[in-house]
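*Asks:* Sharing a structure with you now.
Every read-out reported here was derived from the displayed coordinates using simple, explicitly stated rules and does not represent laboratory data. None of the values given here were measured: they were computed from a predicted structure. Cβ sites come from the backbone with ideal geometry, for glycine too, and all protein chains shown count toward neighbours.
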Amino acid sequence: MKEIPLVDLKAGFAPIKNEVMHAVEDVLTGMHLNIGPNCRSLEDEFAAYCGVKHAVGVGSGTEAIQFALLACGVGEGDEVITSPHTFFATAEAICCIGASPVFVDIDPLTYTISPEAIEKRITKKTKAIIPVHMYGQCADMSAVNNIAQGHGIAVVEDACQAHGARYHDKKSGSLGNAGCFSFYFTKNLGAYGEGGIVTTNDVQLAEKVRLYRNHGHKSKYEHAVIGYNGRIDEIQAAILRIKLRHLEEYNSKRRVKADFYNSFLKDTPLVLPAEKEGRTHVYHLYVVRSKERDRLQDFLRGKGIQTGIHYRNPIHLQEATAFLGYKKGDIPGVEKACEEILSLPIYPELEEESQAYVAEMIEEFYS
Ligand SMILES: *Cc1c(COP(=O)(O)O)cnc(C)c1O
């Protein structure tokens, strides 16, 4: 039987293996391991890629969100509006700095935060909004920015799933006060370990993130704030610089795979991903919706096709967030999506014949 994984990291590594091995060797020969030359170059190269002035490498996407919020002045007792339809870390980062997440519903077509829902939840305590560019498509950033500007609050993009996604003529990471990216190994730009980065045009914000990521270290023996051990690893930075050069190609391959699924699946009862006018989706995940999601997933598993659910349980109904007091029914659009979504295999090296097989098995399920 054919086996099709959700992602295939080995297929991505093979073509760049020699380059990566040399880069790792160079780092270990040089032994500049703490915010060394690769970290600095990655920051410059990633800032240029996103079209922003500054980028600061950190230890993970979660830290990127934490440090960006802190640098925006968010802290104890403040509220941050976001959607509970995201990876848990978005809300966790808010809680870890002593602020409270305020959850609002999503736009059902793009799975990104609903701007109409934001306005109603703004209070005197609201300090920031975190739009999440879910699955690789940017949120409705002009609407989000308009609301934020009207109330004098910060916008921190969670772009952890959307490296290279475009919103009109701009890239993710350049659309708010700060952009947060993860380099977890399954992301569109993934390290072979952990990593993250914060992007911004605001030099003061960038300087603050530099302090938070490195124990508040200002100059030799001087610590300006209570910070964190949140640096990016030099070996990962060297690997990411190589992969960054291929990112546009990886993303355009993902878009080709998405087009292929779109045409193959258009006559099935599945709801296919919607790409909004003016937004370039980079398909970190290709997510369909089905009323029989669990049965379809079991059926595909039986045919050797691995699928995923991103994510099954919304954050506002998790045990960890029970203290926030949400109950079932509070965020209906998200709760409904969680019952129906299914992520099909997608990665740049996915073969057309594998996609044809996935489509064929989906048709078989419905026939
Ligand atoms: C992956 C991810 C994160 C967290 O990134 P880590 O590098 O794993 O800490 C945050 N938000 C979203 C939407 C993500 O997909």
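*Asks:* Neighbour counts of other C-beta atoms within 10 Å: give me ARG301, ARG231 arranged from fewest to most. Show your work: numbers first, answer last.
*Replies:* Details: ARG301 11, ARG231 21.
Going from sparsest to densest Cβ surroundings: ARG301, ARG231.
*Asks:* By the gyration tensor of its Cα atoms, with a ≥ b ≥ c the square roots of the eigenvalues, what is the shape of region 250-367: rounded for a/c under 1.5, prolate for a/b over b/c, or oblate? Mind showing how you got there, number by number?
*Replies:* Values: a/c = 2.11, a/b = 1.54, b/c = 1.37.
Note, shape of region 250-367 comes out prolate.
*Asks:* Report the dimensions of the chain along its three principal axes from the alpha-carbon atoms, largest first, rounded to Å.
*Replies:* 69, 53, 38
*Asks:* Give the order of MET141, MET361, MET1 when sorted by the count of other beta carbons within 10 angstrom, beginning with the fewest.
*Replies:* Details: MET141 23, MET361 18, MET1 7.
Ascending Cβ contact count within 10 Å gives the list MET1, MET361, MET141.
*Asks:* Compute the Cα gyration tensor for region 1-97, then decide on rounded, prolate or oblate, letting a ≥ b ≥ c be the square roots of its eigenvalues: rounded whenever a/c is under 1.5, prolate when a/b is larger than b/c in the other cases, and oblate in all that remain.
*Replies:* Working: a/c = 2.51, a/b = 1.33, b/c = 1.89.
Cα axes put region 1-97 in the oblate bin.
*Asks:* Over what distance in Å are the Cα centres of region 295-334 and region 228-259 separated?
*Replies:* After rounding, the separation between the Cα centres reads 28 Å.
*Asks:* Of GLY61, GLY329, GLY196, which has the largest mean-square fluctuation in a 10 Å C-alpha GNM of the chain?
*Replies:* In this elastic network of the chain, the residue with the biggest mean-square fluctuation among GLY61, GLY329, GLY196 is GLY329.
*Asks:* What is the total of Lys pairs in region 247-366 with C-alpha atoms under 26 Å apart, excluding same-chain pairs fewer than 8 positions apart?
*Replies:* Count of close lysine pairs: 19.
*Asks:* What do you get for trypsin sites (Lys or Arg not before Pro) in region 1-87 restricted to DSSP loop and a cutoff of at most 15 other Cβ within 10 Å of the site's Cβ? Let's see the in-between values first.
*Replies:* Values: sites: LYS2, LYS10, LYS17, ARG40, LYS53; in loops: LYS2, LYS53.
Passing both the DSSP loop test and the Cβ count: LYS2, LYS53.
*Asks:* Additional query: Given contacts defined as C-alpha pairs under 8 Å and at least six residues apart, what's the relative contact order of region 247-366, whole-number percent? Mind dumping the intermediate values first?
*Replies:* On the way: 136 pairs, mean separation 45.6, N = 120.
In percent, rounded to a whole number, it is 38.
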